[in-house]
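Participant: Below: one structure in structure tokens.
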Amino acid sequence: MTTQNFKVSKSKKYEFYTEYTIWFKGTNKEYICNHNGGLPKLDGKRLSERLRCELSDLLEEHFLNSLSYV
């Protein structure tokens, strides 16, 4: 899954959250994102509201697509 600024490299589901490894184009680095709803945060990186919304949409789409393959 990819957007203009982000790409999900991998994900792992836990009981109450999903851990994503996210590549962020703005820094050319990968970050860990533990997400259980709401606006996501990248570990150690502050994002604008627009980028957080874009990332949230990407994670929601990735999560729903992963459920459809189970």
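Participant: Anything in region 39-56 that is out of contact with any helix residue (DSSP H, G or I) (no Cβ under 8 Å at 6 or more places or on another chain) and surrounded by 14 or more Cβ atoms within 10 Å (Cβ to Cβ)? List them, or say none.
Facilitator: Correct list: K45, L51, R52, E54, L55, S56.
Participant: Look through N65, N36 and report the one residue that is in contact (Cβ under 8 Å) with a residue 60 or more places away in the chain and surrounded by fewer than 13 Cβ atoms within 10 Å (Cβ to Cβ).
Facilitator: N65
Participant: How many residues are modelled with pLDDT of 90 or more and of a type in the set (G, A, S) if we restrict to region 1-54?
Facilitator: Matching residues across region 1-54 total 3.
Participant: Just for region 15-33: of the residues that are of a type in the set (A, V, I, L, M, F, W, C) and closer than 17 Å to D57 by Cα, which one is surrounded by the fewest Cβ atoms within 10 Å (Cβ to Cβ)?
Facilitator: Out of the qualifying residues, it is I32.
Participant: Now a separate question. Could you please find all residues in region 21-50 being within 14 Å of N5 (Cβ to Cβ) and in contact with a strand residue (DSSP E or B) (Cβ under 8 Å, 6 or more places away or on another chain)?
Facilitator: Correct list: I22, W23, F24, K25, T27, K29, E30, Y31, C33, P40, L42, K45.
Participant: Now for a separate question. Given the residues E15, E54, E30, which is the only one that is of a type in the set (D, E) and in a strand (DSSP E or B)?
Facilitator: Criteria check complete, one pass: E30.
Participant: Run T21 past the list (1) in a strand (DSSP E or B); (2) in contact (Cβ under 8 Å) with a residue 40 or more places away in the chain and report the number of the one that doesn't hold.
Facilitator: That leaves (2) as the condition not met.
The values are calculated or read from the model by the stated rules, or taken from the named source; none is laboratory data. Not measured: the values here are computed from a predicted model. Note that we place each Cβ from the backbone using ideal geometry, even for glycine, and neighbour counts take in every protein chain shown.
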